Each structure stands twice: as structure tokens, then as C-alpha cells.
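First comes the structure, then the notes that go with it.
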Ligand code: SF4
């Protein structure tokens, strides 16, 4: 990969000098030897090739309702630093990687885009979608690629405000610009180097003005004294800035974590209190808030969102059918399944081809 012109371009845009490494294990060994390998991994950019699949199923579990999302694997890890970030413990070692062999991505992506079936594809699961904006042409390229077809949507999910280069693109509403949202307190204490709530909403408003559909993810919601009032005000600020009819979906999920993450959060975020709460181990081995606490917060948040946006597609990321029933009064299976609910919302907002195959039995004009 060292001879790729893009490697020099990326290094130049970052003001860095690229160093060629003969053996990738050398990079991993240096990162692992650091006192804080996670931080070191965030400051080391490995330009390399993706030797595996570019399109992957989002790793849900059979115990919780999954949305059948596809991940476009463009790179790994993140320059921002959230206390709860699962990626800290997911990669061994964690390292910022960007994949240069785009010609192989094109083959796989184009095969999928040619199929006459809806797909919801995102780049913001193993990395933040927009951290690559300052140094690569990836996102403008993807937005234009998706704009050239009418079967699939791209979701770019971020906690940054790096939207400048995307606003003038001819996106044809095939790209959903999405932000993770949280209360200002959680952002300040547990989301280092991310944009503030107001800055994220301002960036989202600019995208709406440029005709993009938008989405928001209240995930992970954190339970602490006074959190209800702070989530209420956060939702109020969201709808002061963003018209409800431009929102494709809003997801909700309370904080959950693999037990191993606790030690890492305690060591790297000594002021964070997120790992101290009433947690129980779930069927997937993750620690989750005690169910009545989750349901109580969800009910409040759903109620506040519904006051501003009665028809918006609201869904849970990785919750049980029981929680769906107790908060929404229905389970996704009653509406054809969660994937079908989200496909309905995408079809409604993103000008997908009328003949496109989807999984919905009965359509509802306002999405799910
Ligand atoms: S922005 Fe997302 S990917 Fe980046 S550190 Fe935070 S949770 Fe992890």
C-alpha cells in the first residue's frame, strides 16, 4: 500500500510524514507497549488494505431485536474518545486504520447496489463516519455513488460537525446524515473531543437545509440523578433546530457494556461514573441497567419525542420484545419486523424506487 498516491495525499493533508512499515506486527507491538494503548492507537494511522469482507452484517445477537443493518467496512477506530466506546476493547490492539484498496470495495458495493432490494448501509459502526473528512475523499465519493441508484441508502453517523464538503453534493436523498445525541453533561464527561450538542444540531440543520434526510441516535442513554430532565431538554433542543418531518428515524438504547470494559473505563476515565449503576448481566453477557430503570427512562423519552414528532420512526437498538411491548405497546414482529419498519421509513424519506423489493407486508405512509 506504500506506493499508493493516496497514502501520500492523506499524510500530506494531515501534515504528517508517512512511514513505511514492512511488518504490521511492528505497529501493533509499539501500540501495545504504550502506557495507554487505546490513546496511542488513536494517534497512529495505519493506511492498509482491507483483506476481508467490505459489507458485513451488524453484529447483533439472537436474544435482542436487531435491525439487519449492513456495515461498509471502510476503516477502524476513532480519533474521538468516548468512555463507553466498545471499540476500545473490540480491536486487539485498537488502531486507527483506513483501507486504501477502494477498487475492491467498489466491486463488492456495486454488486449490492445492483440488487433490487432495499439495504441500509452505514460506515459508522467500526469508526465514526466523518472523521475521515479532513484527509480523504471517501464520503463525497460514497454520497455520489449512492445517489446514482435508488435501492439502498447510506447512513453517515457521527459526533463531529465535518459536513462542509458534503453540503453541495447532488445526494438525491440517498444519504442519511446521522448524529449520536446525548445530554450536555454526558457529552462533557464521557465524550472527549466530540462536538457539543449545539454544534451537532447546527451541523444537522445545515444538512437539512441542503436537502439531506437526517437521523438521530440517543445511544447510549445514561441513567444518573436528574437525567430525565436533561434528556427532556436535549429533545427540546433537537426539535427547536430540526423539523420533525425531515427525520428518517430516531434510535434509543441505554448504556450497555461487556464486563471487561469496566476496568478500562476506570483506568482511562477516572472522573467518569457511567460504569457505576444498577446493572444486570443480559442474555448476551452484556451488562445492562436493571430493566424497570430502562423502561422508565424509555417511556419518558418516547413521550417527549412523540410530542414533537408523532409520526417519526422510533426504535430500540438491541432491546427485547418485552421492552418493546412495555414501552411502545407493540413488538416489531407485529409490524413485519424491525428491518421492515426501518425499510418503510427509508422508502418514505429517501425517494427509493417504487418497484424496489422490501420486506413490508402493509405500508404505512408515515413510516414506522
Ligand atoms: S465517537 Fe463513536 S467511535 Fe468514536 S470514540 Fe466515541 S463511541 Fe467510539
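Conditions (1) modelled with pLDDT of 95 or more; (2) within 16 Å of the ligand (Cβ to nearest atom); (3) not in a strand (DSSP E or B), marked per residue:
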position: 121; (1), (2), (3): yes, no, no
position: 125; (1), (2), (3): no, yes, yes
position: 130; (1), (2), (3): yes, yes, yes
position: 136; (1), (2), (3): yes, no, yes
position: 139; (1), (2), (3): yes, yes, yes
position: 144; (1), (2), (3): yes, no, yes
position: 156; (1), (2), (3): yes, yes, no
position: 160; (1), (2), (3): yes, yes, yes
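Being surrounded by 16 or more Cβ atoms within 10 Å (Cβ to Cβ), at pLDDT 95 or above and under 28 Å from residue 38 (Cα atoms) holds for only one residue in 195, 204, and it is 195.
Note on the range 240-256: residues that are buried (at least 18 other Cβ atoms within 10 Å of the Cβ) and either under 15 Å from residue 308 (Cβ atoms) or under 15 Å from the mean Cα position of the chain (by Cα) (or both) amount to 11. Among residues of the range 147-173 that are at positive phi, those with a beta-carbon under 6 Å from a residue that is surrounded by fewer than 20 Cβ atoms within 10 Å (Cβ to Cβ) and in a loop (DSSP other than H, G, I, E, B) at least six positions away or on a different chain give the pairs 173/351. Within the range 51-65, the set of residues being touching a helix residue (DSSP H, G or I) at 6+ places or on another chain (Cβ under 7 Å) and surrounded by 16 or more Cβ atoms within 10 Å (Cβ to Cβ) comprises 54, 65. Tell me whether the range 315-326 contains one or more residues that are over 23 Å from the mean Cα position of the chain (by Cα), within 23 Å of residue 292 (Cα to Cα) and modelled with pLDDT of 95 or more. Among the residues of the range 315-326, at least one is over 23 Å from the mean Cα position of the chain (by Cα), within 23 Å of residue 292 (Cα to Cα) and modelled with pLDDT of 95 or more, which makes the answer yes.
Taking only the range 62-81 into account, find how many residues are assigned to a loop (DSSP other than H, G, I, E, B) and within 16 Å of the ligand (Cβ to nearest atom).
Keep residues of the range 62-81 that are assigned to a loop (DSSP other than H, G, I, E, B), which gives 62-69, 73-74, 78-80.
Filter once more, so that each one left must be within 16 Å of the ligand (Cβ to nearest atom): 69, 73-74, 78-80.
Within the range 62-81, residues that are assigned to a loop (DSSP other than H, G, I, E, B) and within 16 Å of the ligand (Cβ to nearest atom) number 6.
You will find that of 204, 188, the residue that is free of Cβ contacts under 8 Å to residues at least 40 places away in the same chain and under 18 Å from residue 245 (Cα atoms) is 204 and no other.
Selection of the range 47-61 for residues being in contact (Cβ under 8 Å) with a residue 40 or more places away in the chain and either closer than 17 Å to residue 129 by Cα or within 11 Å of the ligand (Cβ to nearest atom) (or both) yields 47, 50, 54, 55, 58. The residue of the range 174-185 that is farthest from the ligand (Cβ to nearest atom), among those that are closer than 21 Å to residue 75 by Cβ and without any contact (Cβ under 8 Å) to a residue 60 or more places away in the chain, is 175.
Here is the figure for the range 27-56: residues that are under 26 Å from residue 104 (Cα atoms) and in a helix (DSSP H, G or I) total 4. Taking every residue in the range 114-134 that is within 15 Å of residue 50 (Cβ to Cβ) and touching a residue at least 12 places away in the same chain (Cβ under 8 Å) and pairing it with any residue that is within 11 Å of the ligand (Cβ to nearest atom) and in a loop (DSSP other than H, G, I, E, B), at least 6 positions away or on another chain, the pairs with Cβ-Cβ distances below 8 Å are 127/78. Taking the criterion of being surrounded by 16 or more Cβ atoms within 10 Å (Cβ to Cβ) and in a loop (DSSP other than H, G, I, E, B), the only residue of the range 288-310 that qualifies is 309. Evaluated against (1) under 16 Å from the mean Cα position of the chain (by Cα); (2) within 25 Å of residue 349 (Cβ to Cβ), residue 118 falls short on exactly one condition, (1). In the range 11-34, the qualifying residues are those that are under 14 Å from residue 135 (Cβ atoms) and surrounded by 11 or more Cβ atoms within 10 Å (Cβ to Cβ), and the one that is modelled with the lowest pLDDT is 18.
Inspection of the range 82-95 finds no residue satisfying the criterion of being within 16 Å of the ligand (Cβ to nearest atom), touching a helix residue (DSSP H, G or I) at 6+ places or on another chain (Cβ under 9 Å), modelled with pLDDT of 95 or more and closer than 20 Å to residue 210 by Cα.
The values are calculated or read from the model by the stated rules, or taken from the named source; none is laboratory data. Predicted, not measured: the structure shown is a model, and the values here were computed from it. When we count neighbours, we look across all protein chains shown, and the Cβ atoms used for this are built from the backbone with ideal geometry, even at glycine.
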